[in-house]
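Comments concern the structure below.
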Amino acid sequence: MAKIKFILQGKSKNTQIYLRLSISKSVSFKRKTGYSIGVKDWSPSTGFPKTNNPFSKNLKVDLKKLEVFIESSLNKSNSEGIEITSLWLNESIAKCLGKSEVKEFDYLIPYTEKYIDSLKYQSTTYDGKGVSEATIKKRTTILNKLIKFEVKTKQRLKVKDVNLAFREKLIDFLDIQEKLSEGTIGRYLKEVKTICNDAQKNGIEVSSQLIHFKGFATKGFKIVLSFEEIEKIKRMKFEDKRLSDARDWLVIGCYTGQRVSDLMRMHKNMIEEHHKFRFIVLTQKKTKKIVQIPIHQKVEVILNSIKGSFPLVFTKNADSNSALFNKYLKLVCEKARLIDSVRGKLRNKKTGRLEEGDYPKYKLVTSHICRRSFATNFYAKEKYPTPLLMNITAHSTEKMFLDYIGKKPIDYGVQLAEIWKKEESTK
């Protein structure tokens, strides 16, 4: 006699429920039901959800209905001489649920996994195959948030479920549960829409509201170090080798304009001589662009002080290295007395939330201050045309560069006015 049993495969907080149909001791078929549940809410002995909450109680009723439907369909098919196969079971489950066979990639999590996997084959704007490791890591972080969101809502979401109601619930979840900043939430929403747009291109059904599903950007605080502050830091002496190395990396960063992922990969083997000038030549990790950075005199002084080499890194692990650099930078800037009050956002240790306010500058310093200080300090100076700076920072457009340093195109008018005033004064 045929037997029907519901089983879980896996031990995650959101595990698929399978229906196993045993025709005989040697013949059985197993297919997904489209339902999922947390392991702690499942009873292996009964093969049904525990009735410890409303969600589980309703799910148990649905599975009971499915069980009766499959038994009835099985009896009818046997009487009509229809062969029982795995395809028959798939179609029967789909018929009971009132829908055509559901494909795995109709669901948000599996499609997001597929999307992330496909990024390594994606052509980038920098004429390379595949995006950077950092980009894949960011998308994977979003995937993990979506998985946690499914666990929280206790439902397996389809791509077509990404509508305006989903957007509101996701914002609340990322804000209240995950305690993410407004800017991060806005970026995550944009990414979720990108994933769904990609799904639509591949024939997956999406919500009619997707066109209205939008992310958002928030005002950022652009903290920079002036040339005077950089010089003040450069003159600082430290007995702690980690702090002296952090100081040197900071100065090098402010005169090379690179992200920390490229800054702390710099090595003397990257130094090349062209037309009697010395350059640091590297391929940026994020953009895959080759940049040729002239070695500024202040960088040359540091390199000469350590026999032509760059300072030591703090650890071989890139993520840990960046975290330690951020930690030591704050100590270096605190000891350099960068204590003027600056507007910014700082994480409240008690609430875990970023809070806007006025803080001593050293508390707001991160590794990114190197790249932003370079771009800001040299911008709009007659001797340093913007395209030259963009060639070092590797911004693709002038608009991106100006947004990055918080300037508007009108600043060019100011620059031109200053040049004309200077010319007039020399007549």
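Candidates in region 65-89 are the residues that are surrounded by 13 or more Cβ atoms within 10 Å (Cβ to Cβ) and hydroxyl-bearing (Ser, Thr, Tyr); of these, the one that is nearest to ILE4 (Cα to Cα) is SER73.
Do we have any residue at all in region 4-14 that's of a type in the set (Val, Ile, Thr) and either closer than 20 Å to ILE93 by Cβ or modelled with pLDDT of 90 or more (or both)? Scanning region 4-14 turns up at least one residue that is of a type in the set (Val, Ile, Thr) and either closer than 20 Å to ILE93 by Cβ or modelled with pLDDT of 90 or more (or both). Scanning region 11-29 for residues that are of a type outside the set (S, T, N, Q) and in contact (Cβ under 8 Å) with a residue 24 or more places away in the chain, we see that the one that is surrounded by the most Cβ atoms within 10 Å (Cβ to Cβ) is LEU19. Residue check: SER320 meets all listed conditions (1) among the hydroxyl-bearing types (Ser, Thr, Tyr); (2) outside the structural domain of ARG235 (by TED's automatic domain parsing); (3) loosely packed, with under 14 Cβ neighbours inside 10 Å but one, namely (2).
Modelled with pLDDT of 95 or more and in a helix (DSSP H, G or I) - does that describe any residue in region 373-396? No, the conditions are met nowhere in region 373-396.
The values are calculated or read from the model by the stated rules, or taken from the named source; none is laboratory data. Predicted, not measured: the structure shown is a model, and the values here were computed from it. Methodologically, a virtual Cβ is constructed for each residue, glycine included, from the backbone with ideal geometry; neighbour enumeration extends over all protein chains shown.
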